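Worksheet: the structure to be examined is printed underneath.
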Amino acid sequence: MPKICTGFVDPDGGVRPCIFAEDGQGGPAQSKGGSCLFCDAGKLELALGSRIGKGNLVRRLKAWHRKGTPVYEAAFTFGTLCALSDSKRQVLRWGAGEPARFERKTSWLHRKKLRLKRFLWGRPIPVASNESLQYLRNEVASSSTYWQNLLCSFSVCRKMESTSSARKAKKRNCGYWKKTSGTAAARNWRRKWWRVRRLIKEQLLAWAAKGPPWNCSAEFQWAMEEEILEPGLHVSLQSTSIENHPICFVAEDGELLYFERNGPYGNKLTTAMRSINNALGKEVVKTYETETSNHMQERGYALHPHMVTGCIYSPLYVTNMLQAFGFKLQLWRDSQTWPAGAKSLLQIRGKDAWYTQYWAALTRRDDKVYLLDCQKDAPVHIPKWQQSVVMYITYAVVPLQ
């Protein structure tokens, strides 16, 4: 014999009678034992966790909704369904046959006009800055090369898109898909502009991958102004002569930096070789001790074992490595000014313990100083580089006189 639901037990005290009968007349529901799922949160959780139980719940709600009985709203207001989240209650209402009502903030329907406009007009073209327009005018007026042709198409598409958009604003009654309409013309010019933008990015990445010397700083600065390239971009160089492939690092201001990492198989001895390459901005050191040792012996220096078998190469050994390329090390202790005529700086970084020391390079681009630490993943801009000169032993890489 079926039992009657004992009602909803209020945690604050008291029992509320059940009104969730199957016929929707407001009587108590039938239950096998205790309370029904509308009065017992545990039974509701079990029902929602199974496909059959959830189906029975939805069919009960759908029957109440069709009859128009107030028990339907009472189930969401006074029953255990009120403890569910808004999204779960909305799914149950939709399953019961109630039209879905989504909030304007969480629905994409309020963006219907914007989505339709983007579909008809295409992706909008960003507004150019005055510096970008000035660069384009100067480059387009120069010689006709592949790069100048790309910039000319870049400027023409932006100008024609602006003209077509203005014509469309004046002629409101023109059709969307007619070739004479401003909408179709603006959409075509926008598509062409984004296509040219991709070609410009491919050309810039190809220049960066060729390796130093880079004579295209103005082009990369303009690309950063147009947001064609993002700062911190890593471009692998077309070089296979060393174990760890070097990269071209694109700084925030469009400067290109040559950078080598020490790699997972490198040791503290190889940091001098990597740092020399980073300091000079190109791959110059490709050999280990053989050539440098012969050069030191030719100059009358005694090659002691601690110069090459310790934690790092000694400064005397590093300066002999640099002399093969027309540079030398000069101890620098002035922390206020950058050494005149210096290509870059080399520092012995690490803690006081000898086994933590390694070589790192500092290079200067205009008014910014970058730390090229081969133990890190990328160069780092140092606003207060003077402090590093005070903290670490610093040598200036100066040309031989």
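The values are calculated or read from the model by the stated rules, or taken from the named source; none is laboratory data. Everything numeric here is computed off the predicted structure, so don't read it as measured data. Ideal geometry is used to build each Cβ from the backbone, glycine not excepted, and the neighbour counts take in all protein chains shown.
The residues in segment 222-232 that are of a type outside the set (Asp, Glu) and surrounded by fewer than 17 Cβ atoms within 10 Å (Cβ to Cβ) can be counted, and the count is 3.
Taking segment 348-392 only, how many residues are in contact with a helix residue (DSSP H, G or I) (Cβ under 6 Å, 6 or more places away or on another chain) and either in contact (Cβ under 8 Å) with a residue 60 or more places away in the chain or outside the structural domain of residue 261 (by TED's automatic domain parsing) (or both)? Qualifying residue count, segment 348-392: 6. If the condition is being in a loop (DSSP other than H, G, I, E, B) and within 26 Å of the chain's Cα centre (by Cα), then segment 351-383 contributes 373, 374, 375, 376, 377, 378, 379, 382, 383.
Can you work out which of the residues in segment 4-14 that are at pLDDT 80 or above and in a strand (DSSP E or B) is surrounded by the most Cβ atoms within 10 Å (Cβ to Cβ)? This residue is 8. Right, residue 301: part of a loop (DSSP other than H, G, I, E, B) and either at pLDDT below 65 or over 15 Å from residue 399 (Cα atoms) (or both) or not? Judged against the criteria, residue 301 is a match. Taken together, 57, 46, 37 contain a single residue that is at pLDDT 85 or above and farther than 20 Å from residue 73 by Cα, which is 46. Return yes when residue 393 is within 24 Å of residue 324 (Cβ to Cβ) and either of a type outside the set (Gly, Ala, Ser) or buried (at least 20 other Cβ atoms within 10 Å of the Cβ) (or both) and no when it is not. Spelling it out, residue 393 is indeed within 24 Å of residue 324 (Cβ to Cβ) and either of a type outside the set (Gly, Ala, Ser) or buried (at least 20 other Cβ atoms within 10 Å of the Cβ) (or both).
Residues considered: 121, 147. Of these, the only one that is within 31 Å of the chain's Cα centre (by Cα) and either closer than 30 Å to residue 54 by Cβ or at pLDDT 75 or above (or both) is 147.
Candidates 217, 239, 275: the one that is at pLDDT 85 or above and surrounded by fewer than 19 Cβ atoms within 10 Å (Cβ to Cβ) is 217.
Of the residues 26, 33, 53, the single one that is within 57 Å of the chain's Cα centre (by Cα) and not hydrophobic (A, V, I, L, M, F, W, C) is 53. Every condition in (1) at pLDDT below 60; (2) crowded, with 19+ Cβ neighbours inside 10 Å; (3) on the phi > 0 side of the Ramachandran plot holds for residue 307 except the one numbered (3). Taking the criterion of being aromatic (Phe, Trp, Tyr) and in contact with a His (Cβ under 6 Å, 6 or more places away or on another chain), the only residue of segment 42-97 that qualifies is 72.
If only residues of segment 63-74 that are surrounded by fewer than 16 Cβ atoms within 10 Å (Cβ to Cβ) and in a helix (DSSP H, G or I) are counted, the one that is nearest to the chain's Cα centre (by Cα) is 73. Taking segment 27-51 as the range and being surrounded by fewer than 12 Cβ atoms within 10 Å (Cβ to Cβ) and part of a loop (DSSP other than H, G, I, E, B) as the test, the residues that pass are 32, 33, 50.
With the structure loaded, tell me whether residue 331 is in the same structural domain as residue 261 (by TED's automatic domain parsing) and crowded, with 20+ Cβ neighbours inside 10 Å or whether it fails that test. Considered against the rule, which asks whether it is in the same structural domain as residue 261 (by TED's automatic domain parsing) and crowded, with 20+ Cβ neighbours inside 10 Å, residue 331 comes out as no.
Selection of segment 330-347 for residues being of a type outside the set (Ser, Thr, Tyr), out of contact with any Phe, Trp or Tyr (no Cβ under 6 Å at 6 or more places or on another chain) and without any contact (Cβ under 8 Å) to a residue 60 or more places away in the chain yields 334, 336, 338, 340, 341, 342.
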